[in-house]
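Down below is the structure, laid out as structure tokens.
No value in this document is a laboratory result; all are computed from the given coordinates. Bear in mind that the values here come from a model prediction, so they are computed numbers and not experimental data. Using ideal geometry, Cβ is built from the backbone for each residue, glycine included, and neighbour counts are taken over all protein chains shown.
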Amino acid sequence: MNYGKGIKTIREGLGMDTIDFSDLCGMTPGTIFKYEENYEDLTMKEADALCSALKIPIDFLQGLSTEVNDIPVQYRYLFSNMVGILTDLTIHYIRAENLEGVELDLKWIKSQMIELEIMKRKGLSL
């Protein structure tokens with residue numbers, strides 16, 4: 001799990017520099033920089049506070065912080081498809097815009113998770 005990667009993805013997706021993003025999150029620019037560059041690890045308490053400030057579920061940050069090597073090889077293609085959608089979903093969620101699009105993204109992600117679970121139960125791989 002690389003929280004710095006997830007934080008940077010969200011910040012860049014919002015089109016913000018470190019200073020504006022740190023204001024939004026209630027942190028210093030230096031703290032954001034340290035997280036993004038992995039000079040400092042984010043604790044669960046800090047991750048909760050960040051997600052609370054951004055008004056996003058922690059699952060969004062965790063999903064965007066997942067490294068491809070954390071995913072079993074047979075599921076990486078599905079993961080790579082989901083990352084782009086999760087990024088868009090997170091940005092829309094923070095901005096509280098295009099909520100209809102958010103609903104569609106959530107339905108798609110849920111359908112992929114169900115498909116993955118069915119395949120797992122059948123002992124199949126992608």
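Here are some notes:
- Backbone HN-Hα couplings from phi across the stretch 76-86 [Karplus 6.51/-1.76/1.60, Hz, Gly and Pro as x]: 5, 5, 5, 4, 5, 5, 7, 4, x, 5, 5
- Rounded to the nearest 20 debye, the dipole size of the chain about its Cα centre is 540 debye, using +1 on the Cβ of Lys and Arg and -1 on the Cβ of Asp and Glu.
- Where only DSSP H runs of four or more residues are counted, the chain gives -22500 deg cm²/dmol as its mean residue ellipticity at 222 nm, each run worth -39500 (n - 2.57).
- Dipole-positive endmost among 10, 106, 33 within the chain (Cβ charges, Cα centre): 106
- With a Förster radius of 30 Å applied to the C-beta separation of residue 112 and residue 20, the computed FRET efficiency comes to 0.35.
- Too-long pairs where the Cα-Cα distance tops 29 Å, listed order kept, from 45/122; 8/122; 8/107; 55/122; 55/110: 45/122; 8/122; 55/122
- Whole-number percent relative contact order across the chain, with pairs defined as alpha carbons under 8 Å at least 6 apart: 28 percent
- Proximity of backbone amide H atoms, modeled 1.01 Å from N, is registered between residue 66 and 2 at under 5 Å, excluding neighbours fewer than 5 places apart on the same chain.
- Counting 0.36 nm for each residue step from residue 43 to residue 1 and taking away their Cα separation leaves a gain of 14.0 nm.
- Considering only 91, 62, 73, the residue lying farthest towards the positive end of the dipole of the stretch 3-121 is 73, judged by Cα position with unit charges set on Cβ.
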